[in-house]
1. If you scan the stretch 152-171, which residues turn out to be of a type in the set (D, E) and either part of a helix (DSSP H, G or I) or closer than 21 Å to L42 by Cβ (or both)?
2. Restricting to the stretch 371-416, give me the number of residues that are closer than 16 Å to T48 by Cα and part of a helix (DSSP H, G or I).
3. Take the residues in the stretch 653-703 that are among the β-branched types (V, I, T) and without any contact (Cβ under 8 Å) to a residue 24 or more places away in the chain; name whichever of them is farthest from Q723 (Cα to Cα).
4. If I ask for residues that are among the acidic types (D, E) and outside any loop (DSSP other than H, G, I, E, B), which ones from the stretch 264-301 would you list?
5. What are the pairs, 6+ residues apart or on separate chains, where a residue within the stretch 95-116 that is in contact (Cβ under 8 Å) with a residue 40 or more places away in the chain and in a loop (DSSP other than H, G, I, E, B) has its Cβ under 6 Å from a residue that is buried (at least 16 other Cβ atoms within 10 Å of the Cβ) and of a type in the set (G, A, S)?
6. What number goes with the only condition from (1) of a type outside the set (F, W, Y); (2) surrounded by fewer than 23 Cβ atoms within 10 Å (Cβ to Cβ); (3) within 21 Å of K382 (Cβ to Cβ); (4) in contact with a Lys or Arg (Cβ under 9 Å, 6 or more places away or on another chain) that D30 does not pass?
7. Within the stretch 26-37, is even one residue more than 24 Å from G386 (Cβ to Cβ), touching a residue at least 12 places away in the same chain (Cβ under 8 Å) and touching a Cys at 6+ places or on another chain (Cβ under 7 Å)?
8. Among the residues of the stretch 107-116, is any surrounded by fewer than 24 Cβ atoms within 10 Å (Cβ to Cβ), small (G, A, S) and at pLDDT 95 or above?
Amino acid sequence: MLVEELNIHPEVKRVLAEEGIRKLFPPQADAVRAGALEGKNLMLASPTASGKTLIAEICALKHVLENNGKVLYLAPLKALANEKYEEFRKYSVIRKPDGGHVSVGISTGDFDSSDPWLGRFDIIVTTNEKCDSLLRHRAPWISEITLVVADEVHLLNDVERGPTLEVVLARLMQVNPNIQILALSATVKNYDEIAEWLGAEAVTTEWRPVKLREGVLLNDEIQFKDGGSVKVSRLARDPVINLALHAIRQGGQALIFASSRKSSVNLSRKAAPEVSALLPKSLKRSLDNLAEEILSSGERTRLSDLLAELVRNGVAFHHAGLSGVHRKIIEDSFRNGKIKVLTATPTLAFGVNLPARMVVISDYRRYEPGYGYYPISVLEYKQMVGRAGRPKYDDVGEAVLFARTDEERDYLMANFVLAKPERIWSKLGVEKVLRSHVLATVVSGFAHSEQGVYDFFSKTLYAYQYDIGAIKGTINRILRFLHEEGMIKYEGGFIHATEFGARVSQLYIDPVSAIMIRDALKRRASRLTSISFLHMISHTPDMAPKVRPSSSEIDKIALFVEEHRDEFIFEVPDEWADRIEFEEFLGEVKTALVLNAWIEEYSEDQIIEFFGVEPGDLYHLTETAKWLLYASYELAKLLGHKDLLSKLAEVMERVEHGVKAELLPLVRLEGVGRVRARTLYNSGLKTIEDLRKAPVEKLMSLPYIGPKIAKKIKEQVGGTLTQEEWKKLTEAAGRQEQQPLTEYYGVSSP
């Protein structure tokens, strides 16, 4: 089927032609024949790179240009949302019938806002969680949505992300029963059941644009699913790295999936010298420039320094601990072939478009604290191997698992390579998961009575697969709990949210977390310090996972607890009455101590050395802490604890920037992070007024500052500069743009 033959706007055809897209892939043609462009609900289940996104794009433009509609695109991860946002922006050159241009907006953060500004966009990209938050805030433009695209919808099966996506889809169908739903998925076993729940027609295929060869490596020989085999020359001791080198020597790239952030970093470190030896000088020069771009983007950290060093060798890692700007640099550089080996955590498999000639799965098991190692699902395996093969570049993509024995090879072949993905089952029925969604249903006005709550949840996938009776008792128990804790109230036969309940739902925290914070703010500690507040939020279920203490740390942390007992709001459990509860408490204290070290300006190296916390985990901790401290501040304001507001606000801002209180005025300046702020403070520039009066030469001479940052500081703080001084500063900043950043930074920042 040709693009020219489609019943779509001529300008959309023109944009696609400029992208080189003139003919539809078979799954795309099947979707069009099934009514995608006629407003029909579709469940499109096909392998990675089979072109699902293009169907979403032409459907979206059909709604915007011909039906005066509005489109909502749901993605499971921020990285994927950003990627889809960039893809849709190519259509912003198209003029609409009303004279304006097609507009695309994105929102993935700040769960305490209805984002009314999003209403002015035609195509809105959000994460599932952000959309859930928007529904809780009753964003007025939601009712204008005519098409919802749910990407990676097989993640309904995921314990963490699935329930939110399920509830969001059920709510959107309730808000507008005539809404078109386009669900995009990898191939799953019960795609027809998911389609029926959505009132959609299923379009499924195994077709992919690049042939996929799946196999298992044992003793330097890959045995493939199709019966073929390949001998791999031994170039490195590590078989994972050896396979990557094999792919590079064949003119390709390798994407290595590791089981954790730490493993992905360690693998890229081991691969760097081996890969570097295979690179031509011209590529190394290009990689040096790329490394400097990383160093000059954002605040210098131990993680960014390491990433830049690895990139010089044609290797990089990719995980949630990277900043958005560094992640984009790595993704773009892998796509254009500069980076030859990328090690990544499995979250990359959830839709981010980074194909490679060879995909290597370094470990088919995952470690779960308290449970040990367990095999990944076939669905997760298929998601990862789906990255093998670059359309337009490769005829074949190869995906390989590792075996140490003949028996393990047979196990991997039978249970992964030859296996079919599992059925998708709703994960909504757990009380901990259901609690916040029941409250949100009342708060958002999706139900006004107990029966109304049951009616709403009867529209979920859980009820479709099991029956509403299976969770009716759980919902009833949750409603009773919410009533007892003052979050909802009964008036006649109706249920209403209290002011407290409404705020808890809008703050997007677990009702149990809110109750803990409410009681803690009321109870207080005999001596309130930053540790008091940091432990308070670490005690909540929303701070997960906690930082587990090692056996060698338990006595040290227990001693700290004893010495600082008067700073804890929550009662310290009796060590001998309940050892498990005591050790859980120590995990909360360790989490608080890591956060305290961060706001006391410990370097990343020190935090790693003292606590064994990796930079990526530290990033996750600080982001979660910032959100929970904000929620605590809002609840303190609501509940009348005015005396705590300034203390909570200060700790929250210190967590955001990782500084002592004395640096807060300085880190509020754009471009001045914790390292530069400390440099300024220690040189005597302690206030905004000091910076305003400071000679430009002094600013330019400071480590980590240089002309570019000095110019940015002066632009923000004002002050008197002669025309000649400003000219010199601008010229120096311009020269710095052309020079390696290391000339100004010298050494890695703490």
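The values are calculated or read from the model by the stated rules, or taken from the named source; none is laboratory data. This is a predicted model, so every value here is computed, not measured. Glycine also receives a Cβ, built like all others from the backbone with ideal geometry; neighbour counts cover every protein chain displayed.
1. E152, E166
2. Number of matching residues: 8.
3. V667
4. Of everything in the stretch 264-301, those that are among the acidic types (D, E) and outside any loop (DSSP other than H, G, I, E, B) turn out to be E274, D288, E292, E293.
5. As it stands, the answer is F111/S133, since those pairs meet every condition given.
6. Going through (1) of a type outside the set (F, W, Y); (2) surrounded by fewer than 23 Cβ atoms within 10 Å (Cβ to Cβ); (3) within 21 Å of K382 (Cβ to Cβ); (4) in contact with a Lys or Arg (Cβ under 9 Å, 6 or more places away or on another chain) one by one, D30 breaks only (4).
7. Looking for residues that are more than 24 Å from G386 (Cβ to Cβ), touching a residue at least 12 places away in the same chain (Cβ under 8 Å) and touching a Cys at 6+ places or on another chain (Cβ under 7 Å), one finds at least one in the stretch 26-37, hence yes.
8. Looking through the stretch 107-116, none of the residues is surrounded by fewer than 24 Cβ atoms within 10 Å (Cβ to Cβ), small (G, A, S) and at pLDDT 95 or above.
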